[in-house]
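Written below as structure tokens is the structure these notes are about.
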Amino acid sequence: MVFPGSVGGPTNLREPMFDTLTDRFEGILTRLRSRGRLGDAEVNEVLREIRVALLEADVNLAVVRDLVERIRARCSGAELSKSLTPAQQVIKVVSEELTTTLGGEPFKLSYASKPPTVVLLAGLQGSGKTTASAKLARWFKQQGRHPYLAAADLRRPAAVEQLRILGKEVGVPVFSEPTDPVEVSRKALAEAERVGRDVLIVDTAGRLSIDLALMAEVRSISSALRPDYTFLVIDAMTGQDAVSTAKAFNDALELDGVILTKIDGDARGGAALSVKQVVGKPIAFVSTGERVADFDTFYPERLASRILGMGDVLSLIEKAEREYDAGVAEKAAERLQKGQFTFEDFLEQLQQVKRMGPLQGMLGMLPGVPKEVRDAKIEDKDIGRIEAIIRSMTMAERRNPDLLNGSRRLRIANGSGTSTTDVNNLTKQFREMQKMMRTLGPIAGLGRAKARKTARNRKVKGGRVTPSPRGAR
Amino acid sequence: MVLTIVIAVVGVLVLASAGLLVVTRARRGTEARHRAPGVPHAAPSHLRQGPASPAPEGAADAGAVGQVAAGALQLGPRPALRDRLDRARSLFGGYLEQIRARAVDETTFEELEEALILADVGVRTTTALLDDLRSRVRSGEIEGSSGALLGALRADIEGLFAGDSAELATAPPGSGGPTVWLFVGVNGVGKTTTIGKVAAREAAEGRKVVLAAGDTFRAAAGEQLETWAGRAHAQLIRGAEGADPSSVIFDAVQHGAARGADLVLADTAGRLHTKVNLMEELRKVRRIAERPPGKLTEVLLVLDATTGQNGLVQARQFTEAVGVTGIVLTKLDGTAKGGVVLAIRNELGLPIKLVGVGESAADLVEFDPKEFVAALFE
């Protein structure tokens, strides 16, 4: 494809995204297997890789240094584990350190004894405050509260209109008037009290941390409101500057926590780590997508594995949990384990999976998916073809693939506009899946319980920042 | 291949979700609208023809109180980057002079590395720049104090942009249709604001400008652009919320051609480059924008200066999808240094066209590598 006015210079667009840390460590550490301990030379080499990986994930340089030293303290001279490869062992340490840093005191929200509970949102331009306000309002609503939104962003054209539309979408009233932000906030508070709304969320204009006039303005909003919670809204794609922004806002407003937005992209979100470390305030919420429902409380271990480039299987499971029809999935799993899973069930599942969004996105969240697979283009068309084939089968054929002889296959291929090879492939793959899943079946449920337990354990040990001796676990 | 993946993913998901669903009865929340173009909000694109709301300032919507850039058409002289940017944002803070006076040693290199990384230049480009300097110091090409080394680094960074022109390409006169510039980028980088400012600039130079409100997804994006259209006295073509953005841009080009407009500025909804279907949608937008009588001459990626290393990924993905021709770097007036553009120029060869250093229309200026580097170093 040649574009008019296309650029000169070297363009290596197809260049692969960087390999996962695990892959890189394997390379360095394979030769270690025969020896009993992690030596300093290897540890140094690995730490260099970790440093680069963290910097590429946009973790602030000062924070990287600190982390690397903590990891060094735990790794050098450590005895090699019997059950883990050296690479896995190092990854485990790194991941634990990241989780500890990100976690610490988990964010706890309590409501004001005299309602409304006032929540103030501030941040740079374009970080996603207005959208986050609406999402937060929806979240409070789900908690059984009666939120109220105040549109105090009177600077950006149509920001008020945007919040009104979003407010309507989530079913939360919005207060605004064309006066000034402090006045709007004050009146919104009075109005919330008058009509008996128990949570007030105030959306403010985006501002640069060095804009003295605007920082003074947000301070006066804050002193007029005396908010119970002040959140900094920060974009997951932010680079090294996240630290100075967070510091400036924390100095001006005394933050209570951070809302991390746009983590549905492929940014590794190292900024979150920097902010957490530097201002010491927890990450309270994450915004995970464009729909108002894509908003969640924060799980440190998920972001830790993401910063390390290790997929985000927990988020995927949660997403499935949200979007999947419980009854149907339950039935399907049962049938799968008993080996009674049919094309009919498969079709039904496919519909559900489609509801969760593009398959490509989900693939990215699965850990250990090879790069070639992750980069493979899966389009709705491809899924459409599979559906077409199944829909061209008779009910009897869907329930019993053994019926599919040559002439039936030809009929199905013609009916679905595909070739017999496509039909053959599908049936073959389907059988393999059946076989594979029958053996895997019962484990899936257990895996979840175990994950929960681990998460609980981590919470218990959260807050520790000093290197913990290996024996501590 | 694809088939295997689809089947495997479905299988894994069925098991995973069913396994846990037995335990936790899921609450389902799918009432939120899906973002398929025109699916739930399918509405024909209602064209608002004619001069789009030459509304007086502030009347466009209640939210426009205390507006930026009142009377944006009076563009003052181009502000110098140096005046706009806080001196404290320099790479070396106060101790530039100290470094300058010292002899070149490993500490100097470490300091330079640190400074570049903190400016979001990225590990790879930083290493490339410094390795080159190291070998030149070794060969004696650079000698003397660290001042010489700093000078060489400055020249190298400026050299990265050698041969680039910040000028935005227009269709040759008499080509029978308006020039089309398409603006793309992730969410919240300032696409709509940039278009508003570009419209004001171009209109101030006497061009007839049409704005295409191609962001039909974000709530009130059209209203936001409408305010800017009013300021720039540009015409605005809008569609209904959720309308197909391509159709809005198509209509804008047709409208522009019929009215003899010089320039169509096409806004698009912010999208993360990882969303395959949205990038597909953008491909289509580009195909439509290219159709005669319009002449698509620029596809500009708007990038927020606070963006870290993900900026490089964004540039790569958007270029692959829609052939980006240049970068607009916004919000450079904060503390972020926007160093990722060095990596983008170095690895992808994309030139920087415009830089945003403030909120008024006059604060969007042509990129000047000398100025940019001076602002980094001094």
Apart from one, (1) within 14 Å of chain B (Cβ to nearest Cβ); (2) open to solvent by 20 Å² or more (accessible area, probe 1.4 Å) all hold for A:V195; the odd one out is (1)
Restricting the stretch B:303-314 to residues that are of a type outside the set (A, V, I, L, M) and assigned to a helix (DSSP H, G or I), the residue that is farthest from B:L182 (Cα to Cα) = B:N310
Out of all the residues in the stretch A:239-249, is one or more more than 9 Å from chain B (Cβ to nearest Cβ) and either of a type in the set (S, T, N, Q) or crowded, with 24+ Cβ neighbours inside 10 Å (or both)?
-> yes
Expected single match for within 14 Å of chain A (Cβ to nearest Cβ) and assigned to a helix (DSSP H, G or I) among B:L112, B:L149, B:L153 is B:L112
Spot the failing condition for B:S246; the list is (1) of a type in the set (S, T, Y); (2) closer than 28 Å to B:P173 by Cα; (3) within 14 Å of chain A (Cβ to nearest Cβ), and only one is missed.
-> (3)
Inside the stretch A:154-164, can you point out the residues that are open to solvent by less than 40 Å² (accessible area, probe 1.4 Å) and facing another protein chain (nearest Cβ under 7 Å)?
-> A:L154, A:P157, A:A158, A:A159, A:V160, A:Q162
Looking at (1) at pLDDT 90 or above; (2) of a type in the set (S, T, Y); (3) open to solvent by 10 Å² or more (accessible area, probe 1.4 Å), can you tell me which one B:T335 breaks?
-> (1)
Taking the stated definitions as given, is A:L120 open to solvent by less than 30 Å² (accessible area, probe 1.4 Å), assigned to a loop (DSSP other than H, G, I, E, B) and not small (G, A, S)?
-> no
Subset of the stretch A:141-150 [on the phi < 0 side of the Ramachandran plot and either surrounded by fewer than 24 Cβ atoms within 10 Å (Cβ to Cβ) or within 7 Å of chain B (Cβ to nearest Cβ) (or both)] | A:K141, A:Q142, A:Q143, A:R145, A:H146
Lone qualifier among B:D262, B:D251, B:D244 - being open to solvent by 10 Å² or more (accessible area, probe 1.4 Å), on the phi < 0 side of the Ramachandran plot and at pLDDT below 90 | B:D244
Top-ranked residue in the stretch B:346-362 [being open to solvent by 10 Å² or more (accessible area, probe 1.4 Å) and in contact with a Gly (Cβ under 8 Å, 6 or more places away or on another chain); ranked as farthest from the other protein chains (Cβ to nearest Cβ)] | B:A362
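Rundown of residues vs (1) assigned to a helix (DSSP H, G or I); (2) of a type in the set (V, I, T); (3) open to solvent by less than 40 Å² (accessible area, probe 1.4 Å); (4) free of Cβ contacts under 8 Å to residues at least 12 places away in the same chain, yes/no style:
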position: B:S135; (1), (2), (3), (4): yes, no, no, yes
position: B:I142; (1), (2), (3), (4): no, yes, yes, no
position: B:E158; (1), (2), (3), (4): yes, no, no, no
position: B:E167; (1), (2), (3), (4): no, no, no, no
position: B:P172; (1), (2), (3), (4): no, no, no, yes
position: B:L182; (1), (2), (3), (4): no, no, yes, no
position: B:G188; (1), (2), (3), (4): no, no, yes, no
position: B:K197; (1), (2), (3), (4): yes, no, yes, no
position: B:A203; (1), (2), (3), (4): yes, no, yes, no
Of B:A269, B:A229, B:A289, B:A234, the only residue that is more than 8 Å from every other protein chain (Cβ to nearest Cβ), within 30 Å of A:S244 (Cα to Cα) and open to solvent by less than 10 Å² (accessible area, probe 1.4 Å) is B:A269
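The values are calculated or read from the model by the stated rules, or taken from the named source; none is laboratory data. Small disclaimer: the values here were computed from a predicted structure and weren't measured. Neighbour counts are summed over all protein chains in view; Cβ atoms, including those assigned to glycine, are modelled from backbone coordinates with ideal geometry. Protein only, heavy atoms only, side chains kept; ligands, DNA and RNA dropped before computing areas. Shrake-Rupley method; radii C 1.70, N 1.55, O 1.52, S 1.80 Å.
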